[in-house]
Every structure is written in C-alpha cells, then in structure tokens.
C-alpha cells in the first residue's frame, strides 16, 4: 500500500511540473533559439569584414 502511494506522488509531481517544462520549451524555441542564431550570423559577418569595407553603425556613423 505504501509503495502504491509513493508511486502516485511521483506521477503527480511530474504532471504538476509538466506545464512549467512546456512553457520553458516554448520560450526557448520562440525567443532564445532565434536570438542565438542571429548572434552567430552577426559574428560570421564581423569575421568576414576586411580592411576597406564600408560599414554603418547602429548610431549612423559611416566607416571604411
């Protein structure tokens, strides 16, 4: 009898945490993953810059 009640407590704990796990996964796929993808693309673009390339900063400053 004791083992049956312990097993059901573990199951209910899992189902209680399931919404939080799902919310975390949704946030990760919608926000964190695309941001890290953009960061990789930015690093790749910065690494490909060479002397003499024309650039414009976010603040509107032109550079070569």
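Residue 57 versus residue 42, label points 7 Å from Cα toward the beta carbon: distance in nm?
Between residue 57 and residue 42, the simple spin-label model gives 1.5 nm.
At 0.36 nm per residue, minus the direct Cα-Cα distance, what do residue 14 and residue 28 gain on full extension? Give it in nm, one decimal, please.
Numbers: separation 14, 0.36 × 14 = 5.04 nm, distance 2.02 nm.
This chain segment gains 3.0 nm when fully extended.
Quick check: residue separation of residue 21 and residue 49 times 0.36 nm, minus the Cα distance between them. What number comes out in nm?
Numbers: separation 28, 0.36 × 28 = 10.08 nm, distance 4.08 nm.
So the chain would gain 6.0 nm between residue 21 and residue 49.
Laboratory data are not the source of any read-out in this text; all were calculated from the coordinates shown. Predicted, not measured: the structure shown is a model, and the values here were computed from it. As a convention, Cβ positions derive from the backbone with ideal geometry for all residues, glycine included, and neighbour counts pool all protein chains shown.
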